[in-house]
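Novice: Have a look at the structure that comes next, please.
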Amino acid sequence: MLIFCATLTVRYWHQAVRWTVFHRGSSQRSFKCMWRVICWRAAASVAWAVLLLPPSIAVFVIISRVSLLHPIQWISECVSLLTSATAIFSFILLCGVVLIVGFLNLEYYTVIPSIACSKIALLGQLLHPRQFVSSLVHCILGVIVAWCCAVTIGGRYQTLGYPCTQADGSPQLCLNEYQVILLLAGAFVGYCHSVLGVIHNMNYVSFHTVQQYKYLRFKGSLPLVVKCSAIQALYSVRNYLVVYFFLGYVPRTWICKTLNLQLNRLVCSLHPLDTIAGLLDFSLLYHLWISGTFLLFTWYITLLLFRIFVTEVCFPVQSSFTEDVHQCLPKVLTGQQPAILKFLALHDLALLSQHSPSRRSEVFSLSQPGGHPHNWNAISQECLSLLADLTQRLVAHHDTVATNGRAKSLSTGSDKKSLSSESSGTILLSSQDVMTPRPSVLIKTPASVFLRSSVGSPLTVPFTPDLDSPFSSPALRRLAGPVEQCSPWHGTVQSPHIMRRGPKLWSTSTGERGLQNKTEHVIPIVDPCAIWANEFSKAEQLKFVCFFTLNCPIQVKNFLAKRVLIMYLLNKLPEASSQALFADTQSHIWALEGLSYLVKASFSEDQFGVVQTTLPSILSSMLVLQEAVDRHFKLPHASSKPVRSTSSMEDSSYKTLRFALRATLKTAIYRITTTFGEHLNAVQMSAEHQKRLQQFLEYKE
């Protein structure tokens with residue numbers, strides 16, 4: 001029976017994995033590689049989880065029906081229950097649950113954790129439609145497991161309804177509230193498991209530094225799984241009882257109306273279950289706790305087996321057969337592969353560079369015919385590309401933090417002045433053909449803000465206010481509109497410089513003077529501010545709009561900063577930005593280890609000198625990356641180490657990846673310098689890099 005269920009599980013699992021991989025948009029070649037590397041491992045993990053169900057069910061039956069005063073009766077009841085049709089049907093249902101949980105593990109796994117930098121971002125992850133579907137499925141699976149636990153425990157949890165007699169003596173079917181509270185507890189525990197999986201990144205798959213056999217890893221992790229299941233079930237039951245105390249009547253009333261059941265509290269218990277006296281039933285609390293523990297233990301075992309199986313891989317460096325070339329390590333590293341395959345390939349690179357001389361020789365080998373180091377070129381270029389991408393990301397993050405998250409193009413005063421002078425220069429050059437000769441260098445004073453014109457409009461091009469002048473204030477917006485007579489800018493201007501030049505603010509041409517002689521009774525009175533608004537050039541308008549657009553978010557931020565709840569949701573979590581920046585640096589750690597160990601081994605194993613051609617690039621990339629990492633660790637919250645949780649299935653290794661990267665980077669450089677020694681002085685690098693490398697050679701870094 002077990003072999004049949006395991007075989008059936010693997011068959012349906014293969015179909016599920018094929019559907020999942022196909023819809024992830026991989027190419028046909030990547031699909032084959034994904035199928036061969038991941039599919040059988042995931043299917044094997046689910047098959048082993050199914051095979052571990054019978055001993056888990058047996059332990060649950062023994063614990064749930066414990067009776068120390070009657071041991072013989074206790075053992076006989078357990079044996080009879082395990083061989084009954086109810087137990088077999090429950091086992092089939094649990095196999096289906098394990099199959100779905102394994103499929104969810106494959107669908108939602110990730111090798112790059114998703115880190116929310118604020119409370120609002122975390123809330124967005126929890127309310128995402130994809131996560132909503134996952135939570136709903138976990139609730140349904142929790143109800144199924146809870147029903148299996150209820151029929152296994154038996155007694156008052158056996159059925160949902162039972163025959164009862166009403167006050168008038170008529171027979172009626174009443175609701176068994178004990179089974180209802182157990183089923184709802186399964187749904188609540190399943191929902192909490194799904195939510196905590198998002199908060200603690202339970203779907204994150206990490207890779208162990210020390211390689212162990214699968215059995216040893218499983219044996220070492222089994223006590224932790226039992227401990228975490230019991231503790232999380234205890235907290236979930238506590239929270240569930242509080243929720244049921246206040247809202248338990250809602251599902252109870254809905255079930256009674258839907259199934260046409262009556263609620264007979266006198267028969268069920270002396271106290272209603274939604275009261276403190278009813279919930280403080282030791283037997284009820286015990287059964288709720290062991291049911292939740294069994295549910296979480298089953299799911300955690302499936303997750304643990306998936307992590308163990310999926311993180312073991314070994315790629316060939318080169319193949320003699322053409323159809324297997326896409327499975328070789330250089331092709332997997334340089335191709336468009338899923339992230340899991342990239343990580344597995346880099347992990348394998350780090351391992352072979354340390355422990356496999358025969359595979360290292362294949363990396364240093366030359367192609368036949370041609371004599372080209374294709375393997376080394378592909379591997380080194382991919383690793384250097386990873387290091388360069390991380391360096392650029394760190395530099396960009398440091399620049400953003402240095403400018404407090406603002407763009408540097410329009411945020412500094414010098415940039416503003418340069419843009420203002422460029423705009424002014426553009427206006428002057430565009431009107432140069434209509435202006436009288438002026439000095440080549442114009443002084444930005446109120447006395448020279450207007451220029452005379454000899455042809456065209458009797459008015460001149462308006463001045464360009466400097467951003468440091470009073471015109472850069474909010475009053476600049478009011479100047480763009482028509483000036484009223486009651487405005488302080490109407491009539492006499494308060495500036496003494498403008499008052500002295502007041503009669504000469506505009507000039508007229510010869511033809512215009514004749515026109516004025518013919519119509520002397522008409523004297524046009526034009527306001528300079530209105531002239532400035534009408535003649536405002538497109539370049540100045542664009543600059544004004546950009547300036548307003550860049551300052552609008554600052555005004556909104558200042559407004560929201562006064563709202564405590566909004567700022568609680570929008571404020572960044574400590575260390576979250578740094579953790580998110582280094583979320584995928586496990587691949588860079590393996591790239592550093594692989595390159596450094598291969599360079600070290602090339603000192604004695606590289607017969608053709610293929611590594612020496614790229615040694616300057618490798619050292620330069622490592623030194624530049626170390627400089628960027630050192631600058632990052634000077635930022636706030638970058639050097640504080642988070643506390644690791646030992647009572648959860650959460651893998652918190654991603655929280656300390658930045659420290660591991662810094663240590664690995666320094667170790668990699670020292671590994672190369674101690675191997676080559678003074679020979680590195682002949683390597684062609686910049687003077688700055690030579691100086692930095694000399695510190696490593698002298699062990700001063």
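Novice: Of these, Gly155, Gly161, which one is over 26 Å from Ser577 (Cα atoms), surrounded by 14 or more Cβ atoms within 10 Å (Cβ to Cβ), in the same structural domain as Val180 (by TED's automatic domain parsing) and not hydrophobic (A, V, I, L, M, F, W, C)?
Specialist: Residue meeting the stated conditions: Gly161.
Novice: Of all residues in segment 188-205, which are part of a loop (DSSP other than H, G, I, E, B) and surrounded by fewer than 17 Cβ atoms within 10 Å (Cβ to Cβ)?
Specialist: Across segment 188-205, the qualifying residue is only His200.
Novice: For segment 154-167, name all the residues that are out of contact with any Leu (no Cβ under 8 Å at 6 or more places or on another chain) and of a type outside the set (D, E, K, R).
Specialist: Initial filter on segment 154-167 (out of contact with any Leu (no Cβ under 8 Å at 6 or more places or on another chain)): 155-156, 158-159, 165-167.
Within segment 154-167, Gly155, Gln158, Thr159, Thr165, Gln166, Ala167 qualify.
Novice: Next question, about the same structure. When Gln337 is evaluated against the numbered criteria (1) in a loop (DSSP other than H, G, I, E, B); (2) surrounded by 22 or more Cβ atoms within 10 Å (Cβ to Cβ); (3) in contact with a Phe, Trp or Tyr (Cβ under 7 Å, 6 or more places away or on another chain), which criterion, by number, is the only one it fails?
Specialist: (3)
Novice: Related question: Tell me, please, whether a residue that is among the aliphatic types (A, V, I, L, M), over 14 Å from Leu386 (Cβ atoms), in contact with a Leu (Cβ under 6 Å, 6 or more places away or on another chain) and assigned to a helix (DSSP H, G or I) can be found in segment 565-578.
Specialist: Scanning segment 565-578, I find at least one residue that is among the aliphatic types (A, V, I, L, M), over 14 Å from Leu386 (Cβ atoms), in contact with a Leu (Cβ under 6 Å, 6 or more places away or on another chain) and assigned to a helix (DSSP H, G or I), so the answer is yes.
Novice: Picking from Ser80, Ser135, which residue would you name as being at negative phi, surrounded by fewer than 16 Cβ atoms within 10 Å (Cβ to Cβ) and of a type outside the set (A, V, I, L, M, F, W, C)?
Specialist: Result: Ser80 is the single residue among Ser80, Ser135 that is at negative phi, surrounded by fewer than 16 Cβ atoms within 10 Å (Cβ to Cβ) and of a type outside the set (A, V, I, L, M, F, W, C).
Novice: Identify all residues within segment 96-118 that are within 24 Å of Cys148 (Cβ to Cβ) and buried (at least 19 other Cβ atoms within 10 Å of the Cβ); write none if there are none.
Specialist: Result: Val97, Val98, Leu99, Val101, Gly102, Phe103, Leu104, Asn105, Leu106.
Novice: Which one of these does Asn571 not meet: (1) out of contact with any strand residue (DSSP E or B) (no Cβ under 8 Å at 6 or more places or on another chain); (2) loosely packed, with under 14 Cβ neighbours inside 10 Å?
Specialist: (1)
Novice: List the residue pairs whose Cβ atoms are under 7 Å apart, where the first residue sits in segment 334-354 and is more than 19 Å from Ser206 (Cβ to Cβ), the second is assigned to a helix (DSSP H, G or I) and acidic (Asp, Glu), and the two are 6 or more positions apart or on different chains.
Specialist: Within 7 Å, the pairs are Thr334/Glu382; Ser353/Glu593.
Novice: Quick one: in segment 594-613, of everything that is in a loop (DSSP other than H, G, I, E, B) and over 40 Å from the mean Cα position of the chain (by Cα), which residue is surrounded by the most Cβ atoms within 10 Å (Cβ to Cβ)?
Specialist: Asp606
Novice: Name the residue, out of Ile63, Ile88, Ile57, Ile38, that is crowded, with 16+ Cβ neighbours inside 10 Å, at pLDDT 85 or above and outside the structural domain of Leu344 (by TED's automatic domain parsing).
Specialist: Ile57
Novice: Being surrounded by 15 or more Cβ atoms within 10 Å (Cβ to Cβ) and farther than 30 Å from Ser577 by Cα: is that true of Ser380 here? Full working, then the answer.
Specialist: Values: surrounded by 15 or more Cβ atoms within 10 Å (Cβ to Cβ): yes; farther than 30 Å from Ser577 by Cα: no.
Against the criterion (surrounded by 15 or more Cβ atoms within 10 Å (Cβ to Cβ) and farther than 30 Å from Ser577 by Cα), Ser380 does not qualify.
Novice: Now for a separate question. Out of (1) surrounded by 14 or more Cβ atoms within 10 Å (Cβ to Cβ); (2) more than 34 Å from the chain's Cα centre (by Cα), what's the single condition that is false for Arg217?
Specialist: (2)
Novice: Answer with yes or no whether Tyr654 is surrounded by 12 or more Cβ atoms within 10 Å (Cβ to Cβ), in contact (Cβ under 8 Å) with a residue 40 or more places away in the chain, part of a helix (DSSP H, G or I) and among the aromatic types (Phe, Trp, Tyr).
Specialist: Yes: the conditions hold for Tyr654.
Novice: Just to check your reading of the model, which residue among Ser602, Ser587, Ser653, Ser621 is modelled with pLDDT under 90, polar (S, T, N, Q) and outside the structural domain of Val225 (by TED's automatic domain parsing)?
Specialist: Going through Ser602, Ser587, Ser653, Ser621 in turn, just one is modelled with pLDDT under 90, polar (S, T, N, Q) and outside the structural domain of Val225 (by TED's automatic domain parsing): Ser653.
Novice: Any residue that is under 14 Å from Val97 (Cβ atoms), more than 19 Å from the chain's Cα centre (by Cα) and hydrophobic (A, V, I, L, M, F, W, C) - is there at least one of those in segment 128-136?
Specialist: Within segment 128-136, the first condition is being under 14 Å from Val97 (Cβ atoms), and the residues that meet it are none.
There is no residue in segment 128-136 that is under 14 Å from Val97 (Cβ atoms), more than 19 Å from the chain's Cα centre (by Cα) and hydrophobic (A, V, I, L, M, F, W, C).
Novice: Considering only segment 670-701, state which residues are assigned to a helix (DSSP H, G or I) and either under 30 Å from the mean Cα position of the chain (by Cα) or on the phi > 0 side of the Ramachandran plot (or both).
Specialist: Taking segment 670-701 as the starting set, the residues that turn out to be assigned to a helix (DSSP H, G or I) are 670-682, 687-697.
Gly677, the sole residue that qualifies.
The values are calculated or read from the model by the stated rules, or taken from the named source; none is laboratory data. Everything quoted here is computed from the prediction, not taken from an experiment. Neighbour counts are summed over all protein chains in view; Cβ atoms, including those assigned to glycine, are modelled from backbone coordinates with ideal geometry.
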